[in-house]
Amino acid sequence: MQASVHTYDLDARTGEVLLDTGRVLPFPAAAVEGSGLRHLRVGQRVSIEVADGADPETAGATVSRVWIVGIGEGETIR
């Protein structure tokens, strides 16, 4: 699934993404670790996974992984 970066705290490496539906989901630093990303900018399109495979529209849903296809270990540009 894709989303846009809504907020990002470079020091804490935490933030929020905005889904195309308008829903905002938070992400912890662990969601960015291992992605190969050093920085995210507001408005940037990213790929995301929601924790426990939950419906992203469900109250309390959080992002468990944030990445950009083609960046980071094991990622290839399609």
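The Cβ shell under 13 Å around Val42 holds other residues with a net charge of 0, Lys and Arg each +1, Asp and Glu each -1.
Using +1 at the Cβ of each Lys and Arg and -1 at the Cβ of each Asp and Glu in the chain, identify which of His39, Val63, Ala3 lies farthest towards the dipole's positive end. Toward the positive end, the furthest listed residue is His39. Inter-label distance, Leu37 to Asp20: 1.8 nm, where each label sits 7 Å from its Cα along the C-beta direction. Converting phi to 3J(HN,Hα) with the Karplus coefficients 6.51, -1.76 and 1.60 and the offset θ = phi - 60°, the stretch 18-26 yields 10, 6, 5, 7, x, 6, 9, 10, x Hz in sequence order, with x at every glycine or proline. The phi torsions of the stretch 7-16, fed into the Karplus equation with coefficients 6.51, -1.76 and 1.60 and a -60° offset, translate into couplings of 9, 7, 9, 4, 5, 7, 6, 10, x, 9 Hz, rounded to whole numbers, with Gly and Pro shown as x.
If you take all other residues with their beta carbon under 12 Å from the beta carbon of Tyr8, and give Lys and Arg +1 and Asp and Glu -1, the sum is 0.
Each value in this text was obtained by applying a stated rule to the coordinates, not by laboratory testing. Since the structure is predicted, the reported quantities are computational estimates derived from the model, not experimental observations. Virtual Cβ from ideal backbone geometry, glycine too; neighbours counted across all protein chains shown.
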